[in-house]
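The next block holds one structure in the form of structure tokens; read it before the comments.
The values are calculated or read from the model by the stated rules, or taken from the named source; none is laboratory data. Everything numeric here is computed off the predicted structure, so don't read it as measured data. Please note: Cβ atoms are built from the backbone with ideal geometry, for glycine as well, and neighbour counts cover all protein chains shown.
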């Protein structure tokens, strides 16, 4: 088969993915092998893969493929999340725009029918993208968080936690999303620093007998639209300006409500005017003050963010329009003293990023978190669950868990698991798995109700209340405890996820796993960084700076995209991504492809050559180099340094194999390739593709298959790694020396305009003559030297150069330009003198010498000796010129 000029991913990727699927390589059943289990962080059913997903799925696939090739029974479970708020919003919008139907016109059952239809239409898009990226998921195990078994598992856990006293219902100040008309947990609020305004407003003062005193008290507020909900003015009891107001009242502007002046040390005397308007219905701190001082609660906002009848004025107006109207009215009445620029923090809904969250008192369902959090904190602090990179994220995790608040889990939505609380006509309720169980529980308490008498709670559960069960319920571990899969695959091995959901999901999964399996859900957590554009901005649809994954794959190929995003993404660190990274991956594919074409050219032109056996220096060197890298990569995988592992493999293939090894073993013009060298070269190429496969599966499988005929089932995707042999340190030193000397001599030939075909005589002044004797035939061939001599004296009329501590004299028939040589040597001398000065400065620093580790000191001293030797050699060479 004739190989194409360039690597063409489109001709390769679909073919191999289908082949792997047909062979069932991604399927997993419990057996005698050790399991390696990963559960995918379930993307929203509404979504498509963005670059953050791309990084996350690529990391998971790398770990899974590496484990599969290391003898593990790998199981990577794919799936998606029903995403209550986001999906319901999309369905509501679809119904309105496409069918002219409002949600309020439908029953719950009718709405859910449309929601499931929408999910079936759009829910599979993300799976096709994951396949396109090359992800080796077990597609027989796709799980959705609204599957029947999953739904029942969520309800089962709710009932259990309620019966244990860990779930309760109560009226609390919560976060409210006026657009979605639902409660949010604290973690679903994203704060932004913004430039706002403080409005200074006057409140008239009355005495205890309700007479206006003619005095005003000025408060500063960011939210004048909430003034109508004020039920007190609070000042610090130590503030001399206001001590005379004990027993006095203030008149709330616009609504003329009389409210008490109260005193509390909560108020900062130095902030603003030292006087605080208290609006218990619309601020958590005001709410707490209200509880303490037994204040009235006046809720002036409807659930959609418009002013309620309780506001008394501007009823039905949107809160932000009402703000403008209130400001205008205050100005008209002469009560607005001034406006002041002010930097503030506003909370926005995570699911509706354009919507400002409102604090609101509401009756909701909560999980008591303190008791659940302690064992989950201990699991991470003790190292039972390892976080990577731990130095950055362990502190974040600890902070969250040590300051945990009760979790608001009810949502005023229909798309999700409906809360299993059943209310009787008298308002009492029972929490039960279903209505029949609730009837039985009522009956046990002496109340005989039928299903028609009971009303189930309208709210559904927070999406995270289902996804915290993910590592267990993908194996039916809650719905069918003790089954074969949960016993074999749980706990899973690694969780790969984004740092932004460390508490939303990671901590809660640990809590749930310890609560319901008494075992951690995973051993390691690998946090990927955030993908940003080259200007450092977070990628988003709003900015239009997030590339389309499928377009990138069509343009560069999946391997190039995987390579591009991985090579620039150290664990946990944000990465700046642009298409040049994918171009680098594409060039790498073509580099390997061209190496394949070169090796295939030798295939049909081989001969046994007793003078060139597998004792060839290049083979010995590359075998040691390969063994060295295999060991390095294994260690890097242990530490989850995947980007570093790819860079190491990339360098081994591009530099050592393509640029050096193939050049060193290449047969002469029109000469056959030695059969033993060819066989060994093919073996090396196969080993390299095996190393590369987890990172770039398609190109590596294609090249592996092209290298030689394969028997049925001899596929790279399941080829098992073998333990690397020990590398020969001496051979590696010789190889590095050979590369450095060849590069320096070639560079010198080029600067002195000596043509590649022109032969030279090479004279070497070295203390390691024995080493050069072992590599001199290779060196002579690579620099086109017809003879190599060894000397202890300068050789006149030659090009002089210094490599490490050795001096080289290039004798040529071409007239020499000593000016060029002198300039080069003087540049090297200046550079080395500067380097030596820096080392001397360190070694003369008493503090450094006293505190540095012995090995660090020894390294600096060796640097000094090497620099001094090189300076001496260059100085001597300059004298000879």
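Values computed for the structure shown
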read-out: Residue selected from the stretch 563-585 under the condition crowded, with 22+ Cβ neighbours inside 10 Å, touching a residue at least 24 places away in the same chain (Cβ under 8 Å) and under 24 Å from residue 544 (Cβ atoms), by the criterion farthest from the chain's Cα centre (by Cα); value: 585
read-out: Neighbours by Cβ (under 9 Å, 6+ apart or cross-chain): first from the stretch 120-131, under 15 Å from residue 558 (Cα atoms); second modelled with pLDDT under 85 and buried (at least 18 other Cβ atoms within 10 Å of the Cβ); value: 129/49; 130/49
read-out: Checklist (1) on the phi > 0 side of the Ramachandran plot; (2) at pLDDT below 95 applied to residue 316, failing item; value: (2)
read-out: Residue under evaluation residue 102, criteria (1) closer than 22 Å to residue 418 by Cβ; (2) touching a residue at least 60 places away in the same chain (Cβ under 8 Å), criterion not met; value: (2)
read-out: Every residue from the stretch 212-258 that is assigned to a loop (DSSP other than H, G, I, E, B) and either outside the structural domain of residue 311 (by TED's automatic domain parsing) or over 30 Å from residue 308 (Cα atoms) (or both); value: 236, 237, 238, 239, 240, 241, 242, 246, 247
read-out: Matching option when the condition is at pLDDT 95 or above and either under 18 Å from the mean Cα position of the chain (by Cα) or on the phi > 0 side of the Ramachandran plot (or both), among 474, 494; value: 494
read-out: Qualifying positions in the stretch 509-527 - within 17 Å of residue 382 (Cβ to Cβ), free of Cβ contacts under 8 Å to residues at least 60 places away in the same chain and surrounded by fewer than 24 Cβ atoms within 10 Å (Cβ to Cβ); value: 518, 519
read-out: Of all residues in the stretch 173-187 being buried (at least 17 other Cβ atoms within 10 Å of the Cβ) and within 30 Å of residue 272 (Cα to Cα), the one that is nearest to the chain's Cα centre (by Cα); value: 187
read-out: Failed criterion for residue 488 (all others in (1) closer than 30 Å to residue 41 by Cα; (2) assigned to a loop (DSSP other than H, G, I, E, B) hold); value: (2)
read-out: Wholly within the stretch 373-434, strands (runs of 3 or more DSSP E) carrying at least 1 residues that are touching a helix residue (DSSP H, G or I) at 6+ places or on another chain (Cβ under 6 Å) and under 20 Å from residue 499 (Cβ atoms); value: 386-388
read-out: Flag for residue 651 being surrounded by 18 or more Cβ atoms within 10 Å (Cβ to Cβ) and either assigned to a helix (DSSP H, G or I) or modelled with pLDDT under 95 (or both); value: no
read-out: From 433, 418, 412, 364, residue being surrounded by fewer than 16 Cβ atoms within 10 Å (Cβ to Cβ) and under 30 Å from residue 144 (Cα atoms); value: 433
read-out: Qualifying residue in the stretch 813-834 (condition: buried (at least 16 other Cβ atoms within 10 Å of the Cβ), in the same structural domain as residue 868 (by TED's automatic domain parsing), at pLDDT 90 or above and not in a loop (DSSP other than H, G, I, E, B)); value: no
read-out: Single match in 699, 629 (criterion: touching a residue at least 60 places away in the same chain (Cβ under 8 Å), out of contact with any strand residue (DSSP E or B) (no Cβ under 9 Å at 6 or more places or on another chain), within 24 Å of residue 10 (Cα to Cα) and buried (at least 21 other Cβ atoms within 10 Å of the Cβ)); value: 699
read-out: Condition met for residue 291 (out of contact with any strand residue (DSSP E or B) (no Cβ under 7 Å at 6 or more places or on another chain) and without any contact (Cβ under 8 Å) to a residue 60 or more places away in the chain); value: yes
read-out: Meets criteria (touching a strand residue (DSSP E or B) at 6+ places or on another chain (Cβ under 6 Å) and either surrounded by fewer than 23 Cβ atoms within 10 Å (Cβ to Cβ) or within 30 Å of residue 722 (Cα to Cα) (or both)) for residue 33; value: yes
read-out: Flag for residue 104 being at pLDDT below 95, surrounded by fewer than 19 Cβ atoms within 10 Å (Cβ to Cβ), assigned to a helix (DSSP H, G or I) and under 31 Å from the mean Cα position of the chain (by Cα); value: no
read-out: Hits in the stretch 765-803 (condition: surrounded by fewer than 16 Cβ atoms within 10 Å (Cβ to Cβ) and at positive phi); value: 797
read-out: Any pair with Cβ under 8 angstrom, 6 or more apart, that starts in the stretch 21-43 at a residue that is within 14 Å of residue 718 (Cβ to Cβ) and ends at one that is at pLDDT below 95; value: 23/713
read-out: Enumeration of residues in the stretch 742-770 that are in a helix (DSSP H, G or I), closer than 25 Å to residue 668 by Cα and either over 49 Å from the mean Cα position of the chain (by Cα) or touching a residue at least 12 places away in the same chain (Cβ under 8 Å) (or both); value: 742, 744, 745, 746, 748, 749
read-out: Hits in the stretch 318-333 (condition: in contact with a strand residue (DSSP E or B) (Cβ under 8 Å, 6 or more places away or on another chain) and within 17 Å of residue 253 (Cβ to Cβ)); value: 322, 327, 330
read-out: Conditions (1) modelled with pLDDT of 95 or more; (2) in contact with a strand residue (DSSP E or B) (Cβ under 6 Å, 6 or more places away or on another chain): number failed by residue 393; value: (1)
read-out: All positions within the stretch 490-508 that are crowded, with 24+ Cβ neighbours inside 10 Å and in contact with a strand residue (DSSP E or B) (Cβ under 7 Å, 6 or more places away or on another chain); value: 492, 495, 496, 506
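To keep it simple, each residue is scored yes or no on (1) more than 40 Å from the chain's Cα centre (by Cα); (2) surrounded by 16 or more Cβ atoms within 10 Å (Cβ to Cβ); (3) outside the structural domain of residue 214 (by TED's automatic domain parsing).
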residue: 270; (1), (2), (3): yes, no, no
residue: 274; (1), (2), (3): yes, yes, no
residue: 293; (1), (2), (3): yes, yes, no
residue: 297; (1), (2), (3): yes, yes, no
residue: 301; (1), (2), (3): no, yes, no
